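Inspection log for the structure reproduced underneath, given as structure tokens.
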Amino acid sequence: MANLKELFLPMLALCIMCPLAFAIDEDLLVVEYHIHIINDLPSDLPPNIPALSLHCKSKDKDLGEKNMLEHQDYTWDSRINLLRTTLFFCNARWEGKQRYFEAFKATRDEHRCRVYHNSCLWSMRHDGIYFSNDNSSWTNEYPW
Ligand SMILES: *[C@@H]1O[C@H](CO)[C@@H](O)[C@H](O)[C@H]1NC(C)=O
């Protein structure tokens with residue numbers, strides 16, 4: 001009988017804690033993340049002619065080619081899948097330069113992009129592609 005009691009308490013503790021552990025993960029799975037890509041590139045072209053071309057996709061979703069005007073903000077939403085393999089990658093072309101970058105990656109962004117309206121912010125600039133998770137401090141994560 002003593003053995004049963006010794007087993008029972010740890011089991012009870014596990015049963016209480018397990019749903020909590022799942023709840024934390026489930027919470028992340030229902031979050032809708034907003035991915036913003038802002039064209040902050042200087043352009044010699046007239047403002048109505050796009051100088052930046054973006055092509056973003058994931059394994060099963062192609063967002064198509066997007067030509068961006070100056071200061072345009074291109075946004076889409078994504079959730080994280082159960083295995084946390086969600087990944088959106090983009091190819092950016094600007095004045096003969098080309099750069100591949102990961103606009104949303106579950107394992108990298110699931111926490112850092114929850115700080116400011118569940119948003120991942122990218123700013124395309126003359127020396128690289130800058131990231132921000134608060135819309136105030138920016139770091140160049142992908143130099144051209
Ligand atoms: C970031 O801040 C600027 C003003 O500083 C504002 O115009 C813009 O809408 C903000 N972006 C987002 C995604 O909230």
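All of Arg84, Arg108 fail the test of being out of contact with any Leu (no Cβ under 8 Å at 6 or more places or on another chain), assigned by TED's automatic domain parsing to the domain that holds Pro50 and at positive phi, apart from Arg84. Against the condition closer than 24 Å to Asp109 by Cα, in contact (Cβ under 8 Å) with a residue 24 or more places away in the chain and within 16 Å of the ligand (Cβ to nearest atom), how does Asn39 come out, does it pass? Taking the combined requirement at face value, the residue satisfies it.
Within the range 95-123, the set of residues being among the small types (Gly, Ala, Ser) and more than 20 Å from His71 (Cα to Cα) comprises Ala106 only. Close Cβ contacts (under 6 Å, 6 or more residues apart or on different chains) running from residues in the range 99-113 that are within 15 Å of Leu82 (Cα to Cα) to residues that are surrounded by fewer than 18 Cβ atoms within 10 Å (Cβ to Cβ) comprise Ala106/Arg84; Thr107/Arg84; Glu110/Leu28.
Just give me the residues in the range 33-86 being acidic (Asp, Glu) and part of a strand (DSSP E or B), in sequence order.
Result: Asp62, Glu65, Asp73, Asp77.
Inside the range 87-144, residues that are more than 16 Å from the ligand (Cβ to nearest atom), of a type in the set (Asp, Glu) and open to solvent by less than 50 Å² (accessible area, probe 1.4 Å) make up a count of 2.
The values are calculated or read from the model by the stated rules, or taken from the named source; none is laboratory data. Here the structure is a predicted model, which is why all the values come from computation and not from measurement. Positions of Cβ are backbone-derived with ideal geometry, glycine not excepted, and every protein chain shown enters the neighbour counts. Just so you know, the surface numbers come from the protein's heavy atoms only, side chains and all, with ligands and any DNA or RNA stripped out. Shrake-Rupley method; radii C 1.70, N 1.55, O 1.52, S 1.80 Å.
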